[in-house]
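Shown next, in structure tokens, is the structure this report addresses.
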Amino acid sequence: MNENEPRPLYMDFQATTPMDPRVLDAMLPYQVNYYGNPHSRTHAYGWESESAVELARKQVADLIGADPREIIFTSGATESNNISIKGVGRFYKTKKKHVITTQTEHKCVLDSCRALEAEGFHITYLPVKSNGLQLEESFRPDTSLVSIMTVNNEIGVIQPIKEIGHLCQSRKIFFHTDAAQAAGKIPLDVNDMKIDLMSISGHKIYGPKGVGAVYVRRRPRVRLEPLQSGGGQERGLRSGTVPTPLAVGLGAACEIARQEMKYDEHRVSMLSKRLIDKIMAGLPDVIMNGDPEKRYSGCINLSFAYVEGESLLMALKDVALSSGSACTSASLEPSYVLRAIGTDEDLAHSSIRFGIGRFTTEEEVDYTAEKCILQVKRLREMSPLWEMVQEGIDLKSIKWTQH
């Protein structure tokens, strides 16, 4: 970027969040003065690091209503998802070789399932209907695990986690949820919702990058085969020295999120409503993707008919936005999540995701909405499709020829 150019506004809170300054304050001493290995048993350097890690473990547990002994520190939600799905699948594989997930999961869940398929497992990828999941019909006697995300990272839809949890418990099937986008944003309780495994990411909740956690239930006990061999840290499930500063940062982020969840939720939903109302009032043919009611308000996915999403992103280069998941944003394929919920290909191509978070201001929301309205109007004026629609031509009736 050019030194003199102002940086764009940040409106992509689903991709990552800025670190809360209070989190950095908690981490700094462990980067500089208290640098002991938390697994060193013979001196004060180890003990002070260990007690900091254990406090962080409790802070993470308190956010989701778990016991601190059920929290395992990992490098992020991707690793947590891998440990949960491959770990449980492989541990119980002699008796059970069937796993259920959905088509709209994050790539790391889908790819972990693909890896199990290559090992001879059967995986059911449930289609997501507009009215929910057809889960019960998919259960089999050899089903070991169900993995369904809490909040979708592209469209913000919240799944009925409590109902799914109770359903799985009644069939004695383990239930894993990828809560990277949900933890710290909506209230979660692993006992009330009957969750057996849960993945959490640090950098989605204003914590440091490169750290996450996986919750693994103790009663009834969930057994899993570790992916990584080593010194047996983290109850033998995740060997490797726990990075004290990162764990402390994740703990602080969870603590702040727990205390400020109501306030954040209120503020984010107010800003979200403001953005949607402004854009919808200023433009016709704007479609909101995902369920209008059961969704996390900070994730807004809109399709602007007759406008190419990529060209709109280019036109809005002074606002940091995306057209879907950062992990797959390099490909020009339309979002697989939008395709799975039945969005037309042309609308899937014209979608933009707006992310609102703790540090978003009203001015940023207003600026984004105004810029968006301006650029969509400009791009539509250039579009022959828009012109045809204005003349009353039904685009679906046109037979396009290949040249």
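With the full set of protein chains in place, find how many percent of the accessible area of the chain is carbon and sulfur; take the probe as 1.4 Å.
In the chain, the share of accessible area belonging to carbon and sulfur is 53 percent.
Please give the calculated 222 nm ellipticity per residue for the chain, where each DSSP H segment of at least 4 residues contributes -39500 (n - 2.57) and the sum is spread over every residue; nearest 500 deg cm²/dmol?
After summing the helix terms and dividing by the residues of the chain, the value is -12000 deg cm²/dmol.
On the full set of protein chains, 1.4 Å probe, figure out the accessible area of His203 and give it in Å² to the nearest 10.
Surface open to solvent at His203 totals about 40 Å².
Give, as a single signed number, the net charge of other residues whose beta carbon lies under 12 Å from the beta carbon of Trp47, with Lys and Arg counted +1 and Asp and Glu -1.
-2
What order do you get for 251-262, 224-235 when each peptide is scored by the mean count of other beta carbon atoms within 10 Å, highest first?
Most protected by this proxy first, the peptides run 251-262, 224-235.
Just read off the accessible area of Leu237 with the full protein assembly in place, 1.4 Å probe, to the nearest 10 Å².
20
Please give the solvent-accessible surface of Val222 in Å², to the nearest 10, using a probe radius of 1.4 Å with every protein chain present.
Answer for Val222: close to 10 Å² accessible.
Calculate the dipole size of region 261-386 relative to its Cα centre from +1 charges on Lys and Arg beta carbons and -1 charges on Asp and Glu beta carbons; express the result in debye to the nearest 20.
260
Restricting the count to DSSP beta bridges whose residues both fall in region 21-257, what percent are antiparallel, rounded to a multiple of 5?
Expressed as a percentage, antiparallel bridges in region 21-257 total about 40.
Please identify the trypsin sites (Lys or Arg not before Pro) of region 8-63 that satisfy two criteria: DSSP loop assignment and at most 12 other Cβ atoms within 10 Å. Which are they?
Passing sites in region 8-63 are Arg41.
In debye to the nearest 20, how big a dipole does region 34-147 give about its Cα centre with +1 on each Lys and Arg Cβ and -1 on each Asp and Glu Cβ?
Approximately 380 debye in magnitude.
Please list His43, His106 in order of solvent-accessible area, largest first, computed with a 1.4 Å probe with all protein chains present.
His43, His106
Quick check: net charge around Asn301, other residues with Cβ under 10 Å of its Cβ, Lys/Arg +1 and Asp/Glu -1?
Once positives and negatives cancel, what remains is +1.
With only Lys, Arg, Asp and Glu charged, each at its Cβ (+1 for the first two, -1 for the last two), find how big the charge dipole of the chain is about the Cα centre; round to the nearest 20 debye.
The dipole of the chain has a size of about 1740 debye.
Could you tell me which GluC sites (Glu not before Pro) in region 82-162 are loop residues by DSSP with no more than 16 other beta carbons within 10 angstrom of their beta carbon?
Glu119
For a quick check of your reading of the filter: which trypsin sites (Lys or Arg not before Pro) in region 162-217 sit in a DSSP loop and have no more than 16 other Cβ atoms within 10 Å?
Arg171, Lys172, Lys209
Under a 1.4 Å probe, what is the accessible area of the chain per residue, stated in Å²?
Per residue, the chain has an accessible area of 47 Å².
Please list 360-371, 68-79 highest first by mean number of surrounding beta-carbon atoms within 10 Å per residue.
For the peptides 360-371, 68-79, the packing ranking is 68-79, 360-371.
Quick one: order Ile186, Ile85 from most to least accessible surface, probe 1.4 Å.
Highest to lowest solvent-accessible surface, that is Ile186, Ile85.
What distance in nm separates the simple spin-label points at Asn33 and Glu345, each placed 7 Å from Cα in the Cβ direction?
So the two model labels end up 6.2 nm from each other.
In region 152-240, what % of DSSP beta bridges are antiparallel (nearest 5)?
Approximately 60 percent, going by the DSSP bridge assignments.
Using +1 at the Cβ of each Lys and Arg and -1 at the Cβ of each Asp and Glu in the chain, identify which of Phe174, Ser350, Ser269 lies farthest towards the dipole's positive end.
Looking along the dipole axis, the top candidate is Phe174.
The values are calculated or read from the model by the stated rules, or taken from the named source; none is laboratory data. If you're wondering where the values come from, they're calculated on a predicted model, not measured in any experiment. Every residue, glycine as well, gets a Cβ built from its backbone with ideal geometry; the counts of neighbours run over all protein chains shown. The area values use the complete protein model at the heavy-atom level, side chains included, leaving out ligands, DNA and RNA. Shrake-Rupley method; radii C 1.70, N 1.55, O 1.52, S 1.80 Å.
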